[in-house]
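Peer 1: One structure is given below, represented as structure tokens, and several questions about it will come after.
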Amino acid sequence: MIEFEHVAKHYPDGTVAVRDFSLTVPSHRCVVLLGSSGSGKTTLLRMVNRMVDPTGGRVLIDDADVRDSDPVALRRSIGYVLQSGGLLPHRTVADNVATVPLLTGATRRAARSRALELLGRVGLDESLAQRYPAQLSGGQQQRVGVARALAADPNILLMDEPFGAVDPLVRRELQDELLRLQSDLGKTILFVTHDVDEAFRLGDEVIVLRPQAEIAQRGTSVEILAQPADDFVRGFIGADRGRRSLRLATSGGRQVAVDLEGHAVGILE
Amino acid sequence: MTWLTGNWPQVLELLVGHLVLTVPAVGLSVLLALPLGRLAWRLPRVGGPLLAAATLLYAVPALPLLIVIPVLIGTPLRSSATMIAALTVYGVALLVRSVVDGFGAVDRGVRDAAVAVGHSPTGMLWRVDLPLALPVILAGVRVVTVSTVGLVTIGALIGVPSLGSLLTDGFQRGIVAEVVTGVVVTVALALILDAALVLAGKALTPWAARRARGPVVVSR
């Protein structure tokens, strides 16, 4: 369980990244912070593994203030996936996946077999183990990033727009993979994105953020779609542009769901 | 050629002497420039003046330096130790900047990610910064090595034997072949050491080579 208690982040130059944010992320759930750039969502995420220390309030993991833990040990105990992979370019795929086990003193042999097991888990062939990150596609690199985050079997996964840099088709596949992994593993996931569809697909709960990490609305995707809290949320999720309003049209004896702009989005079974 | 046929044992001996001066000087330069460069990179306030001082140091002419060093560190004037110390001063002066540039060239996103997954400060130095800075640092080491091979010849002026002795001796006695031999062997030595460093660099940075010629997978 991750708790944010009235956290704030003010920078010396007067910028306020986070004004006053409180949230509980329950264990084994996936909570998505949804906001555009400048909403402070990445700052919030980085407070959990102490890449950023709040200037006010506190962050608790299982009731312990993260400020009391050693940052290096804390980071090793938390899985972290970033946009564009964040892999070490000079290490092979296997060594990248085994980063944390190697740092915590696992034998090379044990770390390597763990890495191979994880590559399989995220849907990558073992033959890629000896390649370097630059020899992989963007989607493959992201999978390696996920495998690396899982290597120390952490309870918590922090995901910072992990699928933002890949094309929509691959993004969809990676999202499916994450949902499958999550149903197997049941990690506590804090996921940051500006992509509404991604947030609605992945989040057990979605937190819509205004600038300075003010919560505009929180709830399940169904709740947010059914009852947007205000015009800001309505605008952000696209409800005001007709993209989320569907009507049925009949074609060839089948009922087709069409949005208000007339674009087909699906078939009614 | 006839001169060389008759004198090659002497040339070989001077070549060894040349190496015995060059290798320790370059090695010491690297050992000193790494921590200094790391410091200058981490603390830009120290780094600015440090790099300025290094530039000034490099501008000190060689002969005065060879006289000042025995006074400062107590080595005999006509000794290998004095020569190596002077060469190290020039080597460090050149190399510190390469080290700073090398660390500066490490991608910030990669560093940030490495910290975020749990590298300690020491782990960052050995596992991330140093290997990624290596190509730039190595380029600096190559320059220092070639320049040191050239500078070693000056030692002949204070009587420290090296390939430079062929130049001083050849000039004094008017033996052109001896001077030419000195120049050619010195240049050849510089080229060979440089090539060795290039090979060492390739062995130490396998990821860079594979990126260039390895197969890039286009599909997922």
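The values are calculated or read from the model by the stated rules, or taken from the named source; none is laboratory data. Computed from a predicted structure; not experimentally measured. For neighbour counting, all protein chains shown are included, and Cβ atoms are generated from backbone atoms with ideal geometry for every residue, glycine included.
Peer 1: How many residues, within the stretch A:150-185, are in a loop (DSSP other than H, G, I, E, B) and more than 21 Å from A:R46 (Cα to Cα)?
Peer 2: 2
Peer 1: Taking the stretch B:94-113 as the region of interest, how many residues are crowded, with 24+ Cβ neighbours inside 10 Å and either away from chain A (no Cβ under 13 Å) or closer than 14 Å to B:A40 by Cβ (or both)?
Peer 2: Matching residues across the stretch B:94-113 total 5.
Peer 1: Now, a different point. Has the stretch A:54-68 got at least one residue that is within 14 Å of chain B (Cβ to nearest Cβ) and under 23 Å from A:L181 (Cβ atoms)?
Peer 2: No, there is no match, as no residue in the stretch A:54-68 is within 14 Å of chain B (Cβ to nearest Cβ) and under 23 Å from A:L181 (Cβ atoms).
Peer 1: Within the group B:V128, B:V144, B:V160, which residue is surrounded by 20 or more Cβ atoms within 10 Å (Cβ to Cβ), aliphatic (A, V, I, L, M) and either touching a strand residue (DSSP E or B) at 6+ places or on another chain (Cβ under 7 Å) or not in a helix (DSSP H, G or I) (or both)?
Peer 2: B:V160
Peer 1: Would it be correct to say that A:R46 is within 30 Å of A:T220 (Cα to Cα), basic (K, R), within 11 Å of chain B (Cβ to nearest Cβ) and assigned to a helix (DSSP H, G or I)? Don't jump to the end; show me each part of the working.
Peer 2: Working: within 30 Å of A:T220 (Cα to Cα): yes; basic (K, R): yes; within 11 Å of chain B (Cβ to nearest Cβ): yes; assigned to a helix (DSSP H, G or I): yes.
Criteria met by A:R46.
Peer 1: Another one. Go through the residues of the stretch A:154-167 one by one and say whether even a single one is assigned by TED's automatic domain parsing to the domain that holds A:N49 and over 17 Å from the mean Cα position of the chain (by Cα).
Peer 2: no
Peer 1: Just give me the residues in the stretch A:150-185 being in contact (Cβ under 8 Å) with a residue 12 or more places away in the chain, small (G, A, S) and more than 12 Å from chain B (Cβ to nearest Cβ), in sequence order.
Peer 2: A:G164
Peer 1: Looking at the stretch B:114-136 only, could you name the residues that are in contact (Cβ under 8 Å) with a residue 60 or more places away in the chain and either away from chain A (no Cβ under 13 Å) or on the phi > 0 side of the Ramachandran plot (or both)?
Peer 2: Matches in the stretch B:114-136: B:L125 only.
Peer 1: For the stretch A:229-245, does any single residue satisfy the condition of being in the same structural domain as A:V31 (by TED's automatic domain parsing), at pLDDT 95 or above and β-branched (V, I, T)?
Peer 2: no
Peer 1: Take the residues of the stretch A:115-128 that are within 14 Å of A:V146 (Cα to Cα) and of a type in the set (D, E, K, R): which is modelled with the highest pLDDT?
Peer 2: Top of the filtered list is A:E117.
Peer 1: Still on this structure, I have one more. From the list A:L60, A:L33, A:L74, which one is surrounded by 23 or more Cβ atoms within 10 Å (Cβ to Cβ) and either of a type outside the set (F, W, Y) or not assigned by TED's automatic domain parsing to the domain that holds A:F236 (or both)? So that I can check it myself, show each step before the final result.
Peer 2: Numbers: A:L60 fails: surrounded by 23 or more Cβ atoms within 10 Å (Cβ to Cβ); A:L74 fails: surrounded by 23 or more Cβ atoms within 10 Å (Cβ to Cβ).
Result: A:L33 is the single residue among A:L60, A:L33, A:L74 that is surrounded by 23 or more Cβ atoms within 10 Å (Cβ to Cβ) and either of a type outside the set (F, W, Y) or not assigned by TED's automatic domain parsing to the domain that holds A:F236 (or both).
Peer 1: Then there's this: I'm trying to understand the selection: among the residues of the stretch A:186-200, which are farther than 20 Å from A:R46 by Cβ and either within 14 Å of chain B (Cβ to nearest Cβ) or touching a residue at least 24 places away in the same chain (Cβ under 8 Å) (or both)?
Peer 2: The answer is A:G186, A:V196, A:F200.
Peer 1: Then there is this: Does the stretch B:149-193 hold any residues that are farther than 18 Å from B:L63 by Cβ, more than 24 Å from the chain's Cα centre (by Cα) and of a type in the set (V, I, T), and which are they?
Peer 2: B:I175, B:V176, B:V179, B:V180
Peer 1: Then there is this: Any idea which of B:V71, B:V46 is in a helix (DSSP H, G or I), surrounded by fewer than 13 Cβ atoms within 10 Å (Cβ to Cβ), without any contact (Cβ under 8 Å) to a residue 40 or more places away in the chain and of a type in the set (V, I, T)?
Peer 2: Exactly one residue qualifies, and that residue is B:V71.
Peer 1: State yes or no: is A:V59 at pLDDT 95 or above, among the aliphatic types (A, V, I, L, M), part of a helix (DSSP H, G or I) and more than 22 Å from B:T205 (Cβ to Cβ)?
Peer 2: When the stated conditions are applied, A:V59 does not pass them.
Peer 1: Condition (residue is in a helix (DSSP H, G or I), over 30 Å from A:P154 (Cβ atoms) and not hydroxyl-bearing (S, T, Y)) applied to the stretch B:104-124: is it met by at least one residue? Give the derivation first.
Peer 2: Residues of the stretch B:104-124 that are in a helix (DSSP H, G or I), as a first pass: B:104, B:108-116, B:121-124.
With over 30 Å from A:P154 (Cβ atoms) added as a condition, the list becomes B:104.
After this cut, where a residue has to be not hydroxyl-bearing (S, T, Y) as well, the list is B:104.
Yes: one or more hits.
Peer 1: Check A:S84 against each of (1) of a type in the set (G, A, S); (2) surrounded by fewer than 21 Cβ atoms within 10 Å (Cβ to Cβ); (3) more than 8 Å from chain B (Cβ to nearest Cβ) and name the one condition it does not meet.
Peer 2: Status for A:S84: all satisfied but (3).
Peer 1: If we only count strands (runs of 3 or more DSSP E) wholly inside the stretch A:195-253, which ones have 1 or more residues that are at negative phi and touching a Lys or Arg at 6+ places or on another chain (Cβ under 8 Å)?
Peer 2: Here the list reads A:205-210, A:214-219.
Peer 1: Please specify each residue of the stretch B:165-181 satisfying the condition of being touching a residue at least 40 places away in the same chain (Cβ under 8 Å), out of contact with any Phe, Trp or Tyr (no Cβ under 7 Å at 6 or more places or on another chain) and small (G, A, S).
Peer 2: B:S165
Peer 1: I would also like to ask the following. Just wondering, is there one or more residues in the stretch A:97-113 that are surrounded by fewer than 17 Cβ atoms within 10 Å (Cβ to Cβ), assigned to a loop (DSSP other than H, G, I, E, B), modelled with pLDDT of 95 or more and within 12 Å of chain B (Cβ to nearest Cβ)?
Peer 2: Checked the stretch A:97-113: no residue is surrounded by fewer than 17 Cβ atoms within 10 Å (Cβ to Cβ), assigned to a loop (DSSP other than H, G, I, E, B), modelled with pLDDT of 95 or more and within 12 Å of chain B (Cβ to nearest Cβ).
Peer 1: Going by the conditions given, is B:G91 within 14 Å of another protein chain (Cβ to nearest Cβ), buried (at least 17 other Cβ atoms within 10 Å of the Cβ) and in contact with a helix residue (DSSP H, G or I) (Cβ under 8 Å, 6 or more places away or on another chain)?
Peer 2: Taking the combined requirement at face value, the residue does not satisfy it.
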